[in-house]
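Novice: Could you have a look at this structure, given as structure tokens, before my questions?
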Amino acid sequence: MKKIISILVLGVAIFSFAFSHPALADAAAGAKVFSGNCASCHARGKNLVNPAKTLSQKDLEKYGMHSVEAIMNQVTKGKGAMPAFGRRLKPDQIQNVADYVLSKADGGW
């Protein structure tokens, strides 16, 4: 009986994780949004317009941008030479690209 309950609990846990944690789909969606909208200026985490402000973890931390919320705000509203994407991208696309940028920055691009 213990074995059956253990298997049942494990199955529920796996099922719950698989259907409630969309990180894998969001990573692919974020990469796609980045490729189509950001890579022309930020290929491989660089910044072609202002080389001092890259998407590296170090620079994101230095400029107070090392959070999903800060990146989402920048993508939505733009700043300086960076255009606002709030009218071009849906909120979930902005969330996905922010998650993608932060994960790539933390991984060293």
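Novice: Trypsin sites (Lys or Arg not before Pro), restricted to segment 55-109: which are DSSP loop and have at most 14 other Cβ atoms within 10 Å? Can you show the working numbers first?
Specialist: Values: sites: LYS58, LYS62, LYS77, LYS79, ARG87, ARG88, LYS104; in loops: ARG87, ARG88.
When the trypsin sites (Lys or Arg not before Pro) of segment 55-109 are filtered for loop state and at most 14 Cβ neighbours within 10 Å, ARG87, ARG88 remain.
Novice: Counting other C-beta atoms within 10 Å, and keeping those with at most 14, which DSSP coil chymotrypsin sites (Phe, Trp or Tyr not before Pro) do you find in segment 34-85? Working shown, then result.
Specialist: On the way: sites: PHE34, TYR63, PHE85; in loops: TYR63, PHE85.
Filter output for segment 34-85: TYR63.
Novice: Using 0.36 nm per residue, how much length does the chain from VAL68 to LYS2 gain when fully extended, once their Cα-Cα distance is taken away? Don't skip to the answer; put the middle values down first.
Specialist: Values: separation 66, 0.36 × 66 = 23.76 nm, distance 4.26 nm.
Full extension of this stretch gives 19.5 nm more.
Novice: What pairs from LYS58/LYS79; LYS53/LYS90; LYS62/LYS90 go past 23 Å between their alpha carbons?
Specialist: From the list (LYS58/LYS79; LYS53/LYS90; LYS62/LYS90), the Cα-Cα distance tops 23 Å for LYS53/LYS90; LYS62/LYS90.
Novice: State the Cα centre-to-centre distance between segment 36-54 and segment 68-109 in whole Å.
Specialist: If we compute the Cα centre of each part, the gap is 12 Å.
Bear in mind that the values in this text are calculations on the coordinates, not laboratory data. Quantities reported herein were computed from a predicted structural model and do not represent experimental measurements. Methodologically, a virtual Cβ is constructed for each residue, glycine included, from the backbone with ideal geometry; neighbour enumeration extends over all protein chains shown.
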